[in-house]
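Down below is the structure, laid out as C-alpha cells.
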C-alpha cells in the first residue's frame, strides 16, 4: 500500500530532478553560445556533475547501442518470416521537438496544471517545501 503523500513527494522529486538537469544543460548551451539545447548539452551536464554518474551509460549511448542491436535482430527476424510486408522500421522519423525555453521562463508543474485546468494558481499555493 502506498501512503497518500508518496505520489506527491515523488512528483516533487521528479520536478526538482528535471529542473536541475535542465538548468545544468542550459548552462552548457549558453557557454557554447548556442540558443538551442541539444542532447550533447545534456551529456556534458551529466558528465560534469558527479551526482548524475548513474546516467553516464545512458547518455553515452550504451543503452542506445544495445537498443539498436535489439532492433536490428527483431527486424532481421521479421524480414525472414515475412518477405512481402514492409518493415515498421522503415517508417520516417518524427519531426524534432521544438527547443526548450530558458529555465527562468519555465512554468512550475502547479502553474502548468492550473493553466491546463483553465484556472490560475490561488494565493497561498506557492509550491514551496515548507509543508513537507
Simple SL model, points at 7 angstrom along Cα→Cβ for residue 5 and residue 50; separation in nm is 3.1
Each label sits 7 Å from Cα toward the beta-carbon; between residue 76 and residue 32 the label points are separated, in nm, by 3.4
Highest mean packing first, using Cβ neighbours within 10 angstrom, the peptides 44-52, 29-37 sort as 44-52, 29-37
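How do 57, 41 line up, fewest other C-beta atoms within 10 Å first?
On the way: 57 13, 41 21.
Going from least to most buried by this count: 57, 41.
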So for R0 = 22 Å, FRET eff. of residue 39-residue 18 from the Cβ-Cβ r, to 0.05, ends up at 0.90
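Every read-out reported here was derived from the displayed coordinates using simple, explicitly stated rules and does not represent laboratory data. This structure is a prediction, so every number in the text was calculated from the model and none was measured. Every residue, glycine as well, gets a Cβ built from its backbone with ideal geometry; the counts of neighbours run over all protein chains shown.
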